Amino acid sequence: MSAEHFGVVNTPVYRASTILYPDLATLESGKVPYVYGRRGTPTSRSLEEAITALEGGAGTILCPSGMNAIASAIMAVCSAGDHLLVVDSCYGPTRIFCDRMLKRFGVETTYYDPLLGADVNALFRPNTRAVFCESPGSLTFEVQDIPAIAAVAHARGASVLLDNTWATPLFFEAFAHGVDISIQAATKYIGGHADVMLGYVTANEAHTACLADIHLHAGLYASGDDCFLALRGLRTMPIRLKRHQETALELARWLQARPEIARVLHPALENDSGYSIWRRDFKGSSGLFGIVLNPVPHAALAAFMDNLEHFGLGFSWGGYESLIVPAHITRTARRTSVPEGPLLRIHAGLEASGDLIADLARGFDHMKAAL
């Protein structure tokens with residue numbers, strides 16, 4: 001409850017462009033908490049402060065999407081002539097941004113195997129400015145040894161950036177494990193209801209100035225409505241994540257026993273290759289994981305997916321609804337962990353796990369009938 005908002009529990013939605021000054025002296029001094037809508041309002045400030053406290057960082061910028069948060073974080077630390085190391089299992093649009101946009105501005109990117117750990121040291125150059133991590137990896141869910149990578153990077157004078165969307169700061173404490181800049185697609189678990197487009201970047205003390213600079217001069221802005229929805233989502237995120245975690249693990253273990261499945265990609269499963277690092281560094285697991293099917297004709301795959309009732313076919317994740325999509329991996333020579341066979345990405349929502357299991361079972365029946 002805030003006296004500033006007359007005891008209202010939640011910070012109200014402020015929609016603003018122009019902010020009026022009481023007199024010329026105040027305008028000339030700029031000594032007011034809010035000067036222009038794009039520079040912040042009570043709604044955006046409340047969200048920034050809440051996120052910074054949750055992350056344990058020194059400052060946060062809000063961005064209009066998760067992808068913009070990734071791009072802004074990279075541009076905050078990299079300049080023309082710099083070299084950037086990016087994990088090969090990164091989010092697909094991150095790779096496109098590096099290969100197209102960063103290249104145009106004179107930044108060279110090298111991709112590294114997500115399982116390298118401290119051996120990433122061999123890829124450093126004199127002009128390597130930063131290491132970009134994403135753990136678990138997008139689509140294939142490899143767990144990176146972030147403390148080992150951070151130790152190497154800091155010894156070489158480089159910054160460590162982490163896309164921490166899968167775990168959120170509740171399940172992985174980025175700054176406690178050596179990360180300098182923590183990135184989150186708040187569209188996902190923070191929003192939590194499939195109706196927000198938002199991202200954020202939180203930095204340690206040494207990186208807040210460069211983040212603030214890119215935020216101001218690139219004209220970045222998050223709407224008051226989206227900030228309000230994200231603030232609301234933060235209040236229930238611990239409870240939702242607990243349910244996502246429980247349901248995803250129940251589905252993953254059930255899927256492991258199915259004859260249609262070659263492999264389940266979930267780092268919190270005891271037989272997963274990343275389990276030991278996950279158990280050491282993480283406090284929990286989210287609702288997103290992958291399954292590798294035994295080879296089937298495309299028509300059989302379609303019969304499986306088209307007959308699901310509780311799993312929607314749609315991109316993004318982190319909302320209350322369960323989702324499933326086919327995943328297409330860019331196969332490179334930089335990693336050995338890419339699975340063979342049809343790969344599906346599953347997001348376990350907040351529905352009853354028994355209903356979801358029954359839905360998958362029906363889908364497999366349709367797949368078998370189509371063979």
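The values are calculated or read from the model by the stated rules, or taken from the named source; none is laboratory data. None of these values were measured; they are calculated from a predicted model. Glycine gets a Cβ as well: all are built from the backbone with ideal geometry, and neighbour counts include every protein chain shown. The protein model used for the area step is the full one, side chains on, heavy atoms only, and it has no ligands, DNA or RNA in it. Shrake-Rupley method; radii C 1.70, N 1.55, O 1.52, S 1.80 Å.
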> Say each of Ala299 and Glu205 gets a label point 7 Å from the Cα, pointing the same way as Cα to Cβ; how far apart are those two points in nm?
Replying inline: 6.6
> Can you pull the percent of the chain's accessible area that's carbon plus sulfur, 1.4 Å probe, other chains left in place?
Replying inline: 55
> Can you tell which of Val87, Val77, Val32 shows the greatest fluctuation in a Gaussian network model of the chain with Cα springs below 10 Å?
Replying inline: Val32
> Roughly speaking, what is the stretch gain from Leu313 to Ala212, that is 0.36 nm per residue apart minus the C-alpha to C-alpha distance, in nm to one decimal?
Replying inline: 32.6 nm
> Reachable aspartates and glutamates from Lys242, Cα under 19 Å, same-chain residues fewer than 8 places away excluded?
Replying inline: Glu55, Glu173, Glu250, Glu270, Asp281, Glu321, Glu351, Asp355
>> With equal scatterers on the alpha carbons only and no solvent term, can you work out the Debye log10 of I(q)/I(0) for the chain at 0.09, 0.11 1/Å?
In response: -0.54, -0.79
>> Run the reach check for Lys31 against aspartates and glutamates, Cα to Cα strictly under 17 Å, same-chain hits fewer than 8 apart removed. What comes back?
In response: Asp23
>> So if I place +1 on the C-beta of Lys and Arg and -1 on the C-beta of Asp and Glu, and nothing else carries charge, what would the dipole magnitude of segment 73-137 be about its Cα centre? I want it in debye, nearest 20.
In response: 280
> Restricting the count to DSSP beta bridges whose residues both fall in the chain, what percent are antiparallel, rounded to a multiple of 5?
Replying inline: 55
> Under unit Cβ charges (Lys, Arg +1; Asp, Glu -1), what dipole magnitude, rounded to 20 debye, does segment 207-253 have relative to its Cα centre?
Replying inline: 320
>> Give me the dipole magnitude in Debye, nearest 20, for the chain about the Cα centre, with unit charges on the beta carbon: positive for Lys and Arg, negative for Asp and Glu.
In response: 340
> What range in the chain is the longest one free of GluC sites (Glu not before Pro) that are in a loop by DSSP and have at most 12 other Cβ atoms within 10 angstrom?
Replying inline: 1-269
>> Leaving ligands and nucleic acids out of the surface, order Trp254, Trp166 by accessible area at 1.4 Å, largest first.
In response: Trp254, Trp166
> For segment 1-113, what is the convex hull (Cα atoms) projected area averaged across all directions, in square nanometres?
Replying inline: 10.5
>> Accessible area per residue for the chain in Å², computed with a 1.4 Å probe and the full protein assembly in place, what is it?
In response: 43
